[in-house]
Each structure stands twice: as C-alpha cells, then as structure tokens.
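In what follows, a structure is listed as structure tokens, so that the remarks can point back to it.
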Amino acid sequence: MAGSISNSMALMKASVNVLKLDKELMIFPVMSGIASILVVASFVAPIAVTGAGEVFVDGQAGYLAMSVMFLFYVVQYTVIFFFNSALVGAALIRLDGGDPTVSDGLAIASKRMGSILGYAVMAATVGMVLKMISERGGIFAKIATAIAGMAWTLATYLAVPVLVTKDIGPIDAVKESAAIFKRTWGEQVTGNFGLSWAIFLAFLGWGALSFGVGWAAAMISPVALLPVIGVAIVGFLLLALMGSALSGIYTAALYRYAMTGDTGTFDARIMGNAFRPK
C-alpha cells in the first residue's frame, strides 16, 4: 500500500511539473465544464418549460426517451472528447519539447472533429447498450456489463491520443488503442490506479481539512461557517479542474511512452507498470 501511495505521489509530481510549464492547460477542463453545463441546460430547459418530463416516464414513450438520451450522450461525449483531445494534443507538444498554446490544442481537436464525433457516437452506443442490459437483466447481467464496461474503458484508454496523432476514423482509433494497450501492458490487467489514487487522496485531504475548519468555525458562530463552505467548494472545483488536466497530461505521457519508450520526466518503472498484471 505504501508503495502504491509513493508511486501515486511520483506520478502526481511529474504531471504537476508539466502543468507548471503550461498552466493554460487548465483552461481546457474549464471550457469542457462550461460546455457540458450548457449541453445539459439545452436538454433540460425545453423539457422543463414544456412540461414534457412526464412523457419520458411513460412506458409507451420508451423509444422517444431512449432516443433523446442517446442524442444527449452523443452531444455530451462530443464536447468532452473534443476538449480532451485539445488537452492531450497540447500536452504532447509540451512532452515533445514544444511550447503549446490554447489555440494549438483547439486547432488539433478541430482538425479531428469528424473522428471525434464518430467516436462519441460509438461511446454513446456502447453506453446505451450496456445500460439497457444492466437494467433489464438480473445480477449476472449487471456483473457482465460491469466487466464489459471495464474492458471497453481499457481498450479505449488511449483512443483520444490516437485520434489526436493519427488521421484515422473512430473504429480504427479504438482498434489501435486496444493494440497499443495489449502490446505495452498485456491482456490481463487490474487497471491504472496511480494518478487516480493521488487525485483521490488530494480530494480526501481537502475534505478532511474543510470539515475540521468548518467544525471549528461552527463552534464559534454559524455565520462563520458560510465562508468556510464557500472556500471548500472553490477548493473542490479547483481540484476537479486540476485532476482533469493532470489526467490528460498522464494519458498523453502514457501514449508517448507506449509509442516511443520515452518517459520524459516520468519514472520509467512506474510507467511500465501503469497497468498492473493480475
């Protein structure tokens, strides 16, 4: 456990070092978050205004509900993948020794817009199918969909950097991602917990600190608790944005390592064991 935490902190430090050189990488998660909120609002607002929400719980309108949900997934995934592509593209420029700008990242993503949209459709389709199987099946169906979901996540882990660096379609990008993953880390893995652990520990630490300060403030006066809550919320938002940026940097570094063997500022041993054998 101590070794895992040490590795996680090492990954966090290496990713933060890259982020320090290009703080503008934080802008991509911000834009993604704002765009995602606008997407949700664009779907929820018409339903709320027209009172059509009841239609989506009507058993006879199941296909309509699924169609709207599928469209929502496609639009939302497109937004997320677009800004992830911009982030990964900019991070790859930095890892290769360049000095990327926000415009560079957006230009890279824009050039791959067709493939990104196709990948979003694929992801939405897989998500909807797994969701329907899980909801309509029993316990074994839920277990099977959980395993299938993990397999899809691992197979597509490097799909975004593949789309960014190669002029190929979404199907070929997923195939390439799975092939790179298999060639570099093998077939039997438990998944990457390195950077995820570090981000989780950061959230946990901030939560514990906020709770402690909030408890002390509440003992003094309920009014004193309000600014503590505000600071805590801002802190969680900043951690979420930083976590998203660091994840994009780490994904770019993993792809670069898989393709070239160059780990850059990252520890070679940790990168080689990013996905631990069972």
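The values are calculated or read from the model by the stated rules, or taken from the named source; none is laboratory data. Keep in mind that this is a model prediction, so the values were computed, not measured. Glycine gets a Cβ as well: all are built from the backbone with ideal geometry, and neighbour counts include every protein chain shown.
For this structure, a couple of remarks:
- The residues in the stretch 150-168 that are exposed (fewer than 15 other Cβ atoms within 10 Å of the Cβ) and over 16 Å from ALA109 (Cβ atoms) can be counted, and the count is 3.
- Count - residues of the stretch 55-79 that are surrounded by fewer than 14 Cβ atoms within 10 Å (Cβ to Cβ) and at pLDDT below 60: 4
- Residue within the stretch 252-267 that is at pLDDT below 85 and exposed (fewer than 12 other Cβ atoms within 10 Å of the Cβ) present: yes
- Only listed residue being within 22 Å of TYR73 (Cα to Cα), more than 17 Å from the chain's Cα centre (by Cα) and among the hydrophobic types (A, V, I, L, M, F, W, C), chosen from ALA146, ALA159: ALA146
- Put simply, of LEU195, LEU204, LEU226, LEU237 the only residue that is closer than 20 Å to LEU154 by Cβ and not charged (D, E, K, R) is LEU195.
- Residue count for the stretch 131-166 under the criterion of being in contact (Cβ under 8 Å) with a residue 40 or more places away in the chain and in contact with a Ser or Thr (Cβ under 8 Å, 6 or more places away or on another chain): the result is 8.
- In the stretch 218-250, the residues that are among the β-branched types (Val, Ile, Thr), under 23 Å from LYS23 (Cβ atoms) and either out of contact with any helix residue (DSSP H, G or I) (no Cβ under 6 Å at 6 or more places or on another chain) or free of Cβ contacts under 8 Å to residues at least 12 places away in the same chain (or both): VAL231, ILE233, VAL234
- Selected residue [among the hydroxyl-bearing types (Ser, Thr, Tyr), part of a helix (DSSP H, G or I) and free of Cβ contacts under 8 Å to residues at least 12 places away in the same chain] from SER103, SER85: SER103
- Filter pass, LEU106 being in contact with a strand residue (DSSP E or B) (Cβ under 8 Å, 6 or more places away or on another chain), under 28 Å from GLY33 (Cα atoms) and crowded, with 17+ Cβ neighbours inside 10 Å: no
- Pair list, Cβ under 7 Å, 6 or more apart: the stretch 199-216 residue closer than 16 Å to VAL16 by Cβ and modelled with pLDDT of 90 or more, other residue small (Gly, Ala, Ser) and part of a helix (DSSP H, G or I): TRP206/GLY235
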